[in-house]
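Reviewing the structure listed below.
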Amino acid sequence: MTTREPVLTVFIDPDDEGRVIYQVAQRFPLLPAISFDDAADDPSLREQWMHEHPRVDPGERRCRLVVIERGSGGETGEVPVSQCAEHILDVIAPHARSEAARTPPFEVTPDEIPWTAHVTLWSPDR
């Protein structure tokens, strides 16, 4: 049986979904497979896009859930869900990890794919 856990909501162009899935699988082969599902609209992600990319039309971008899929074999069951989300963000927003470690104020790098997490990220306990 496969369990599916939503870890992020992203504001993404449909043409970028396959690239993200491929890059996550190539860079982190021990992570569970990921997929994208429909998500409720999150106006804050659209606002973030408009703020960070004021002259770029969002085009076909829409809110999507990033879901990790754990198989019944348990082959990737030992990877904590928060670590899975962090590694996915290492692909879609490579600057996010270093920005999370900084103390404000600092200049924020615009996200190519705006996101919000459904799990705790970059916990100092790990």
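Coordinate-derived values only; no laboratory data. Computed from a prediction, not measured in an experiment: that's the story for all the values here. With ideal geometry, Cβ positions are generated from the backbone for all residues, glycine too; neighbour counts draw on all protein chains shown.
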Connecting every pair of Cα atoms under 10 Å apart in the chain and solving the GNM, the largest mean-square fluctuation among Ala33, Ala100, Ala25 falls on Ala100
Kindly express, to the nearest 10 degrees and within the range 0 to 90, the angle between helix 14-27's C-alpha long axis and the longest C-alpha principal axis of the chain. 50 degrees
Dipole magnitude (debye, nearest 20) for the chain, charges at Cβ of Lys, Arg, Asp, Glu: 240 debye
Would you mind checking the tilt of helix 43-52 against the longest principal axis of the Cα atoms of the chain, expressed as 0 to 90 degrees and rounded to 10? 60 degrees
By how many nm would the segment from Ala101 to Thr2 lengthen if fully extended, with 0.36 nm per residue of separation less the alpha-carbon distance? 32.3 nm
With a ≥ b ≥ c the root eigenvalues of the C-alpha gyration tensor of the chain, is it rounded (a/c under 1.5), prolate (a/b larger than b/c) or oblate? oblate
Got the relative contact order for the chain handy, in percent, Cα pairs under 8 Å and 6 or more residues apart? 40 percent
Asp13 versus Gln26: modelled label distance in nm, points set 7 Å from Cα along the beta carbon direction: 1.8 nm
Applying a 10 Å radius around every beta-carbon, put 12-24, 83-95 in order of their mean neighbour count, most first. 83-95, 12-24
